[in-house]
Amino acid sequence: MASSSEWLCPECKRATEVVLDHSAGDTVCSECGLVLEAHSIDETSEWRTFANESGDNDPVRVGGPSNPLLSDGGLSTVISSRPNNANGGSDFLGSGLGRWQSRGSNPDRSLLQAFKAIASMSDRLGLVATIKDRANEIYKKVEDQKPLRGRNQDAILAACLYIACRQEDKPRTVKEICSVANGATKKEIGRAKEFIVKQLEVEMGQSMEMGTIHAGDFLRRFCSHLGMTNQAVKAAQEAVQKSEELDIRRSPISVAAAVIYMITQLSDDKKLLKDISLSTGVAEGTIRNSYKDLYPYAVRLIPSWYAKEEDLGNLCSP
């Protein structure tokens, strides 16, 4: 019991002090004993620890959210090990419960491992949870068809993440995906992507929507890697938008890299072609060829507020 502030008691017809009964969640009038509020919820912070182990200070007493992709919804019970021998080790596997649990087959074991790998790659790329969840769904659909035996698992998982990024309109380059794919090569990821798309199209009975890639989808991230100024980034974004009106038959990533190369030539903080290549993952020769295609349209592409027409003479000739 604990006293609290004054409440208006309808029985006493006046404001009286109340007593809080934390065990029952009741607010009781101290004068007449009338229960003014029953089963109230304490919304303050809870500092109790509900773990059995004395060294575990985690106050969380619930599990994670349910996962509809798992057969048991992710709500199965796992008996945790606890150190109880003289050396601080665990006798869990030597116990009867431990032996039975280790013998039991978990149909979702491979799925859990795959989801864990996808989550790790997503975290390393800084992707949002919706992309990770979409990648999990794609992998689950492909895994249900049981065609993955003998295939490169790392490439399959990376391809699922690549497709998820495309479908969520947050595309990443294959090279970016490859950097977190645990050794899978770009060629292997490309083959895995084609395989997954084919499998899902057979399941759906129609072509699979992958989303359209635009140069602007990569531009801000590339500019950030290069440490470009806000003014240069804004000019590059406008140039990329205008480039979509032109008939430039280059990949969006190559166009983004070429636009960055063009914009940085007109700024005080010039970037070397080698640095742009490293940041964008586009070969220097490809950037040069894309720049060659964009150069005749420099007057239309470069915003007038960023560089005057006479300043465009500072651009190097392709």
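Remarks
- When each of the peptides 108-116, 127-135 is scored by the mean number of other C-beta atoms lying within 10 Å of its residues, the order from highest to lowest reads 127-135, 108-116.
- Amide H to amide H distances under 5 Å link residue 36 with 27, 28, 29, where only residues 5 or more positions off or on other chains count and H is placed in the peptide plane.
- Taking only the C-alpha atoms of region 111-191, Rg followed by Dmax gives 11.3, 31 Å.
- In terms of its C-alpha gyration tensor, region 241-304 comes out oblate, because a/c is 1.5 or above while a/b does not outweigh b/c.
- Relative packing of 263-273, 228-238, which averages over residues the other C-beta atoms within 10 Å, highest first: 228-238, 263-273
- When each of 141/198; 132/198; 141/170; 116/141; 234/308 is checked by Cα-Cα distance, pairs over 19 Å: 132/198; 141/170
- A cut-off under 13 angstrom between Cβ atoms defines the neighbours of residue 241, and their net charge, with Lys, Arg +1 and Asp, Glu -1, is 0.
Readers should treat all values here as calculations from the given coordinates under stated rules, not as data from a laboratory. Quantities reported herein were computed from a predicted structural model and do not represent experimental measurements. Note that each Cβ is placed from the backbone with ideal geometry, even for glycine, and that neighbours are counted across all protein chains shown.
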